[in-house]
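The values are calculated or read from the model by the stated rules, or taken from the named source; none is laboratory data. In this text the structure is predicted, and so the values were computed from the model without any measurement. Heads up, the Cβs are rebuilt from the backbone with ideal geometry, glycines too, and the neighbour counts pull from every protein chain shown. When the accessible area is computed, the model is the full protein with side chains, heavy atoms only, and any ligands, DNA or RNA have been set aside. Shrake-Rupley method; radii C 1.70, N 1.55, O 1.52, S 1.80 Å.
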Amino acid sequence: MTDVQPDHATATHALAVYRCAVPAPLLTLLDYLPPLNSQAAPLPGTRVWVPLGRRTVIGIVISVESDTDLDRSKLKAIDALLDAQSLFDSPQMALLTWAARYYLHPPGEVFVLGLSPRERRGEPTAPTGKPGVKLNARGIGLPAGALSRAKKQALLLTALQHRPHSLEELADQGLSRAVIRALAAKDLIEYCDIKGDHRWASRDHLDPTEEQQRAITTINSKESGFVCHLLEGITGSGKTEVYLQCAAQVIEREQQVLILLPEIGLTPQMLGRFQSRFDAPVIMLHSGLADSERDRHWAMAREGAAAIILGTRSAVFAPCARLGMIVVDEEHDHSFNQQDGLRYSARDVAVKRAQLSGCPIILGSATPSLESLRNVEENRYRLLTLSERAGGASVPSKKVVDIRGLALEAGLSQPLLSAVHSTLSAEKQVLLFLNRRGFAPTLLCHDCGWLSTCDHCDARLAVHRKPTELRCHHCNSKKFLPRSCPGCRGSRLISTGLGTEQTELTLQRLFPTFPVFRVDSDSMSSRHAMDNLSQQLDTGEPCIILGTQMLTKGHHFPAVTTVGVIDADGLLFSPDFRGEERLLQLLTQVGGRAGRGHHAGEVIIQTHYPDHPLIQAVMNQDYGVLARDLLNERRRRGLPPAGAMAMLRCDSTDFNQGLAFLSAIKAQLSRDSAIVLIGPIPAAMARRAGRYRAQLLLLSSDRRALHHAATQMAWVADGVKKTGDIKWFMDIDPADSA
Ligand code: ADP
Ligand code: ZN
Ligand code: ZN
């Protein structure tokens, strides 16, 4: 399973030192002596029980050393071994080692990302087969026509005479567990583990367009080992078809394909497309799966039993026995950034992984990140372009509605409402975008100015109607909706601003004969919600879909012809230097949902600032041109991706403690003229979930110098004495700089 071998195998075992990653906030690995009572030598990549302080914890052996700088007599011995073989393949081991170093994060917290839920608990790896049944010796010897009186049992027997079946397959054929138990009681069958068959094959594909063909040929060209391809293709240009056809060739070589998607909601759609194209095991890996399913899929990926692995960001660390290609779909999407624990970009980790595995990677997007565009300009990535919509669909037209002075109903102007009306009358679907959930973002007292604020964050509480309450969108704390003002007891409380719940009500009132589907994290919280919605929308019946940015993530809505952006202004003014890039991506992606079927689409953008340069730019130019302008602007300002950035962030229950901690670190750093050091400063939202947040920021045009400085900063932080309950962590290439 693995080719990681100990440098000092059994002969010198008694003298060896085992360097382990342990679950503790330590930047270092810890050294342990060999287990006292076992002859077997622990291998790198295996789990071991080790003492840590007063506890016994699960450590992972990272390397076997012949000696240690520490006093051997002070070292503790490994208690027990958990595995006979490494759980990590060697590129995965190298990847996790790299991630711990690059992101300056405790290795004990990084290496567990390569383990399945049950492996993290210290249990054995899951069996990869599905539970099933087969005939036992007596069953095989049974004459044909036996059991003819028990019809279902006879059916089961016939099925098993062909081959063993999984319980799932049998249930599909109407053969219940009771029938199976009956035959087992007669001692004719036995339970077993059914593995998938290993003939991997693909079925017919579409005739690629010229551009698609060029991309497929380039990606699959023989000389390639590691190459990073940026597939820049407008929405609906057939990027997925390119992934499918490239995957087909990888599968033919019996190698695995890892596909990363920004969001769980997208996995069923993609799963459907891959399952119908391939006669090979396609599995999903994401947090919405039950642990047992995740355990089994994880093991299938590691054994090489799964051909195609579809997952969200954490799947980038999953084991793969024979990785042949990686795809990151919607590579610009911010969901690829993990925002707690190890803060990483799954896209960047995926590129590193492809490099370590020597295989190609495709980053696909209609709106590539500036990071990736820069890598193309500097010849690190290869650019492939799909400039036309596949399957004959045309690109939607765009229109700005200047809403200054216009009467609005729940944010909707008359021109937008008439477009909705005529689309529905033409039996088509409408998609409306409003990037705020809840009923209204603020509750305000008209008499005294009281505002509904969160007790734990520097934030307002939003008004929600279902259920009726005030809710913080940052820490999720809730309060009763007051009847009268807590400040002055007055009764004139006003919900100000607009959220999806409010617009939904208005749309239902204005268009009573058409269904309104609301798509936000409140309405889509259940596992299958997006799947169910897609099925309803696929019927093509006229309806209104109203949603937040959840709508922009690559979902395919073929019957939508009109897309309305209710409030572009809310997006125009952002404190983050990535604000403009995000706005462009968002508007382009929302617009891209229009007219993906056979009917031309229209995009309508409502704004009070029709002359704003960004709105003008979106109207008159395509994303590719605008993004390259933005990149040049970042170069001029020395901001990422042109400059490198790192942050040391800390939080504590005491505001001053955090700042003092950061000042103590700053005082110990050596000065480097290549580095700009800013801080300590409070975060933009200084208090969140009851904790005060502050940061030190590093910026440099020299990536190596920056990493050097960040490393020094992390080690200094590791050594500074902490008072109170300070937590700190590094954020390398922070996705959010506020
Ligand atoms: P993207 O991933 O770029 O948004 P998709 O791969 O989902 O685009 O393709 C959009 C639509 O065009 C899909 O319905 C797909 O089946 C269709 N399509 C893609 N490639 C072709 C092709 N070569 N010929 C005909 N239809 C195609
Ligand atoms: Zn009041
Ligand atoms: Zn809060």
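Details
- Residues that are within 19 Å of Arg382 (Cα to Cα) and either open to solvent by 10 Å² or more (accessible area, probe 1.4 Å) or among the aromatic types (Phe, Trp, Tyr) (or both) occur in region 244-254; there is at least one.
- Scanning region 183-222 for residues that are of a type in the set (Asp, Glu) and modelled with pLDDT of 85 or more yields Asp187, Glu190, Asp207, Glu210, Glu211.
- Selection within region 256-313 - surrounded by fewer than 19 Cβ atoms within 10 Å (Cβ to Cβ) and either more than 16 Å from the chain's Cα centre (by Cα) or among the hydroxyl-bearing types (Ser, Thr, Tyr) (or both): Gly272, Arg273, Gln275, Ser276, Asp279, Ser287, Ala290, Asp291, Ser292, Glu293, Glu303
- Evaluated against (1) within 14 Å of ligand 3 (Cβ to nearest atom); (2) touching a residue at least 12 places away in the same chain (Cβ under 8 Å); (3) of a type outside the set (Asp, Glu), Asn476 falls short on exactly one condition, (2).
- Against the test of being modelled with pLDDT of 95 or more, buried (at least 17 other Cβ atoms within 10 Å of the Cβ) and away from ligand 3 (no atom under 13 Å from the Cβ), the options Leu470, Leu424, Leu434 yield a single qualifying residue, Leu424.
- Residues of region 199-209 include at least one that is aliphatic (A, V, I, L, M), over 23 Å from Ala346 (Cα atoms) and in contact (Cβ under 8 Å) with a residue 24 or more places away in the chain.
- Selection over region 437-458 of residues that are surrounded by fewer than 22 Cβ atoms within 10 Å (Cβ to Cβ) and more than 16 Å from ligand 3 (Cβ to nearest atom) gives a count of 8.
- Residue list for region 679-708, filter: small (Gly, Ala, Ser) and more than 23 Å from Arg636 (Cβ to Cβ): Gly679, Ala683, Ala684, Ala686, Ala689, Gly690, Ala694
- The one condition from (1) without any contact (Cβ under 8 Å) to a residue 60 or more places away in the chain; (2) surrounded by fewer than 18 Cβ atoms within 10 Å (Cβ to Cβ); (3) touching a Leu at 6+ places or on another chain (Cβ under 9 Å) that Leu587 does not meet is (2).
- Residues in region 428-467 that are in contact with a Cys (Cβ under 8 Å, 6 or more places away or on another chain) and among the β-branched types (Val, Ile, Thr): Val430 alone.
- Identity of the residue in region 51-83, among the small types (Gly, Ala, Ser) and closer than 14 Å to Pro35 by Cα, that ends up nearest to the chain's Cα centre (by Cα): Gly59
- Of the residues making up region 323-357, those that are open to solvent by less than 10 Å² (accessible area, probe 1.4 Å) and among the basic types (Lys, Arg) number 1.
Let's see how each residue does on (1) within 30 Å of Val716 (Cβ to Cβ); (2) surrounded by fewer than 17 Cβ atoms within 10 Å (Cβ to Cβ); (3) in contact (Cβ under 8 Å) with a residue 24 or more places away in the chain:
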{"position": "Leu614", "(1), (2), (3)": "no, no, yes"}
{"position": "Ala617", "(1), (2), (3)": "no, no, yes"}
{"position": "Leu631", "(1), (2), (3)": "no, no, yes"}
{"position": "Arg636", "(1), (2), (3)": "no, yes, no"}
{"position": "Ser652", "(1), (2), (3)": "yes, no, yes"}
{"position": "Asn656", "(1), (2), (3)": "yes, yes, no"}
{"position": "Phe661", "(1), (2), (3)": "yes, no, yes"}
{"position": "Ile675", "(1), (2), (3)": "yes, no, yes"}
{"position": "Ile678", "(1), (2), (3)": "yes, yes, no"}
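- Taken together, Asn379, Asn375 contain a single residue that is at pLDDT 95 or above, surrounded by fewer than 22 Cβ atoms within 10 Å (Cβ to Cβ), away from ligand 2 (no atom under 16 Å from the Cβ) and assigned to a loop (DSSP other than H, G, I, E, B), which is Asn379.
- Residues within region 537-573 that are assigned to a loop (DSSP other than H, G, I, E, B), surrounded by fewer than 19 Cβ atoms within 10 Å (Cβ to Cβ) and either within 16 Å of ligand 3 (Cβ to nearest atom) or acidic (Asp, Glu) (or both), tallied: 1
- Taking the numbered list (1) under 19 Å from Cys320 (Cα atoms); (2) assigned to a strand (DSSP E or B); (3) among the acidic types (Asp, Glu) in turn, Glu232 passes all entries but (1).
- Those residues of region 301-314 which are at pLDDT 90 or above, over 19 Å from Arg121 (Cβ atoms) and not small (Gly, Ala, Ser), in sequence order: Ile308, Ile309, Leu310, Thr312, Arg313
- Test: residue in region 676-684 that is part of a helix (DSSP H, G or I), away from ligand 3 (no atom under 16 Å from the Cβ) and either of a type outside the set (Val, Ile, Thr) or modelled with pLDDT under 95 (or both): no
- Within region 483-523, being closer than 30 Å to Ala686 by Cβ and crowded, with 16+ Cβ neighbours inside 10 Å holds for Cys485, Leu493, Ser495, Gly497, Leu498, Gly499, Thr500, Glu501, Gln502, Asp520, Asp522.
- Restricted to region 411-421, and to residues there that are in contact (Cβ under 8 Å) with a residue 24 or more places away in the chain and open to solvent by 20 Å² or more (accessible area, probe 1.4 Å), the residue that is nearest to Thr561 (Cα to Cα) is His421.
- Unique match (being among the small types (Gly, Ala, Ser), open to solvent by less than 60 Å² (accessible area, probe 1.4 Å) and not in a helix (DSSP H, G or I)) among Ala600, Ala594, Ala627: Ala594
- Failed condition for Leu406, given (1) within 32 Å of the chain's Cα centre (by Cα); (2) away from ligand 2 (no atom under 16 Å from the Cβ): (1)
Per-residue answers, yes or no, for (1) away from ligand 3 (no atom under 16 Å from the Cβ); (2) more than 11 Å from Ala440 (Cα to Cα); (3) assigned to a loop (DSSP other than H, G, I, E, B):
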position: Arg483; (1), (2), (3): yes, yes, yes
position: Pro486; (1), (2), (3): yes, yes, yes
position: Arg489; (1), (2), (3): yes, yes, yes
position: Glu501; (1), (2), (3): yes, no, no
position: Leu505; (1), (2), (3): yes, yes, no
position: Arg509; (1), (2), (3): yes, yes, no
position: Thr513; (1), (2), (3): yes, yes, yes
position: Arg518; (1), (2), (3): yes, yes, no
position: Ser523; (1), (2), (3): yes, yes, yes
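- Looking across region 713-728, the residues that are in a helix (DSSP H, G or I) and in contact with a helix residue (DSSP H, G or I) (Cβ under 9 Å, 6 or more places away or on another chain) come down to Met713, Val716, Ala717, Gly719.
- Test: residue in region 261-279 that is modelled with pLDDT of 95 or more, more than 16 Å from ligand 3 (Cβ to nearest atom) and farther than 22 Å from Leu551 by Cα: no
- Considering region 130-196, the qualifying helices (runs of 4 or more DSSP H), each wholly inside and each with 3 or more residues that are surrounded by 14 or more Cβ atoms within 10 Å (Cβ to Cβ), run over 151-162, 167-172, 177-185.
- Where helices (runs of 4 or more DSSP H) fall entirely within region 14-126, those with at least 1 residues that are in contact with a Gly (Cβ under 9 Å, 6 or more places away or on another chain) and small (Gly, Ala, Ser) are at 90-102, 107-111.
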